[in-house]
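Enquirer: The structure that follows is given in the form of structure tokens.
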Amino acid sequence: MVDKSDRKSPPAALQEIALAFRRIGWISLWTQVVLGAISAVILLFAGFSRDVAVETPRTGTGVGIFFALAGVIGLLVSIYWAFRYTRIAKQLQSANPVNRPRKADTVQLLRLGIIVNLIGMLLTIVGAEAIAGTLLAKTLTLPQATGAVLQIDPSRLIRSLDMLVVQANTNTIAAHFGGLVASLWLLNRVSRQ
């Protein structure tokens, strides 16, 4: 049996990296959870409350919501990745050097975290573009009021729900950006050692 006094504590630089992984991992995780939960609720609400009679068959809103939800699913993977950063922090603080991850493995994990956030951000941006294009088309097809009462097709109006979907996309992009910044910062920190 190995005595605890025989084990060496990790070097100071490694302890600093472990602390950074723990702090940044938790900050990234909770930021993404909050923004992602808000986005998911809004998108699910929008998906289930769309009035089929009001929507036109060629609208891009459905495609936009699909890609936005795909971005939220990517965000779930990113949240898991942020949680993994907190577990790496524990491994880095291990007194037994065998339990500590190698630098190359840690760098690879950080690179995968960057890729996950970039793919999620790309999916969300595609969704945002589809929704923004649909909303632009709706505004451009509205007749200009000249003082007379106009009969307007309800499918050509921008609803508050449409703006909520835009907000949900913005939140998801911000969450992916936060995860990306966290991964890049940690990669920079690990690469300097």
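Enquirer: With a point put 7 Å past each Cα toward its Cβ, work out how far Arg87 is from Glu129 in nm, to one decimal.
Expert: In this crude label model, Arg87 to Glu129 measures out at 3.5 nm.
Enquirer: For segment 72-84, just list the computed ³J(HN,Hα) in residue order, Karplus coefficients 6.51, -1.76 and 1.60, θ = phi - 60°, integers in Hz, with x standing in for Gly and Pro.
Expert: Residue by residue, segment 72-84 yields 5, 5, x, 5, 4, 5, 5, 5, 4, 5, 5, 5, 4 Hz.
Enquirer: For segment 110-126, in order, what is each residue's ³J(HN,Hα) by Karplus, 6.51 cos²θ - 1.76 cosθ + 1.60 with θ = phi - 60°, in whole Hz (x at glycine and Pro)?
Expert: 5, 5, 5, x, 5, 5, 4, 5, 5, 5, x, 5, 4, 4, 5, 5, 4
Enquirer: Any idea how far apart Val34 and Gln193 come out in nm if each label point goes 7 Å out from Cα toward Cβ?
Expert: 2.8 nm
Enquirer: Provide the gained length on full extension for the span Met163 to Phe45, in nm with one decimal, where the gain is 0.36 nm per separating residue minus the Cα-Cα distance.
Expert: Gain in length upon complete extension: 41.2 nm.
Enquirer: Taking θ = phi - 60°, what integer Hz values does the Karplus form 6.51 cos²θ - 1.76 cosθ + 1.60 yield along segment 164-173, in sequence order, with x for Gly and Pro?
Expert: Here the 3J(HN,Hα) series is 5, 5, 4, 4, 4, 4, 4, 4, 5, 4 Hz.
Enquirer: Which loop-located trypsin sites (Lys or Arg not before Pro) does segment 80-118 contain, where loop means any DSSP state but H, G, I, E or B and the Cβ has at most 16 other Cβ atoms within 10 Å?
Expert: When the trypsin sites (Lys or Arg not before Pro) of segment 80-118 are filtered for loop state and at most 16 Cβ neighbours within 10 Å, Arg102 remain.
Enquirer: Using a basic spin-label model with each label point 7 Å from the Cα along Cα→Cβ, how many nm lie between Arg111 and Ala95?
Expert: 3.5 nm
Enquirer: Any chance you could run the full-extension gain for Ser9 through Val77? It's 0.36 nm times the residue separation minus the Cα-Cα distance, nm to one decimal.
Expert: Taking 0.36 nm per residue and subtracting the Cα distance, the gain is 21.2 nm.
We did not get these values from a lab; they are worked out from the coordinates using the rules stated. What you see is a predicted model; the values in this text were computed from it and never measured. No Cβ is skipped: glycine too gets one built from the backbone with ideal geometry, and neighbour counts run over all protein chains shown.
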